[in-house]
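Computed from the coordinates by the stated procedures, all read-outs in this text should not be read as laboratory data. What you see is a predicted model, and the numbers here were worked out from it, not measured in a lab. FYI the Cβ positions are ideal-geometry reconstructions off the backbone, even for glycines, and counts take in every protein chain you see.
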Amino acid sequence: MTTVMTDRRAEIVDAAARLFFARGYGGTSIQDVADEVGILKGSLYHHIDAKDDLLVAVIDEVHDAAMARLAAAEERDGSVVDRLVWFLRDHTAYNCRHVERIGVYFREFEYLEGERRERVAADRRTYDRHVRSMIEAGQAAGEIPSTVDARLTANALLGMTNWVYQWFDPDTNDADEVADGLAALAADTLGGSR
């Protein structure tokens, strides 16, 4: 559900993501966002209708990026396990490089209401099912043991890769090293190779 963003709107969404991550959605006002980008509060409404437009923009950006990485994984050569491990590595690296947005995606979702909340929840379920279906495809191809619980494993792998926003610090961690390490754990879990 991506909308085309002007440079100014992208700057506003970036500022909102930083503020929502640092202060929480509830603790951030429209005035705070306007101050962060150096415009008048009224001018902000040329780019949005309401504050939750900014939250939805951040959440949709994260979701769309993840779905693009899943699509790229599907198009890669190699076994199902190799493609899935590639995705998990790429997903982890993205999450490490976008900690603020990932944090907003997971922590601030609760502030959405009505149709927007339902749509985002449906997007999340679609994403989770896609990862689970890759595990099931690996089982059907004989690459992943049939005794592996696909749903549990998908949740565990996504939990492991998504949770990095809680602890990743670019001053003390390297995104690629963390991504490689979690990809190795995923490969071991799935019974494949990196």
Self-check item: In degrees, nearest ten, helix 175-190 long axis to first principal axis of the chain (Cα)
Solution: 40
Exercise. For the range 99-182, count the residues as N, evaluate 2.2 N^0.38 Å, and divide the Cα radius of gyration by that value, please.
Key: 1.32
Self-check item: Note, ³J(HN,Hα) from phi for the range 37-50, Karplus 6.51, -1.76, 1.60, rounded to Hz, x at Gly and Pro
Solution: 9, x, 10, 6, 3, x, 5, 4, 6, 6, 10, 9, 9, 8
Quiz item: If contacts are Cα pairs under 8 angstrom and at least 6 residues apart, what is the relative contact order of the range 50-190 in percent?
Solution: 38
Self-check item: the range 4-55 versus the range 60-136: alpha-carbon centroid distance in Å
Solution: 24
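Could you state, as a whole-number percent, how many of the C-alpha pairs of the range 33-129 are farther apart than 18 Å?
Taking all Cα-Cα pairs of the range 33-129, the fraction more than 18 Å apart is 56 percent.
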Quiz item: Size of the dipole of the chain about the Cα centre, Lys and Arg at +1 and Asp and Glu at -1 on the beta carbon, nothing else charged, in debye to 20?
Solution: 380
Practice problem: Restricting things to alpha carbons, tell me how big the chain is in terms of Rg and Dmax, in Å. | Solution: 18.3, 60
Practice problem: Return one number: the angle in degrees, 0 to 90 and rounded to the nearest 10, between the long axis of the Cα atoms of helix 7-23 and the longest principal axis of the Cα atoms of the chain. | Solution: 80
Quiz item: Hey, what angle do you get for helix 114-140 against the long axis of the chain, alpha-carbon based, 0 to 90 degrees rounded to 10?
Solution: 20
Exercise. Highest first, please rank the peptides 27-35, 164-172 by the mean number of other Cβ atoms sitting within 10 Å of their residues.
Key: 27-35, 164-172
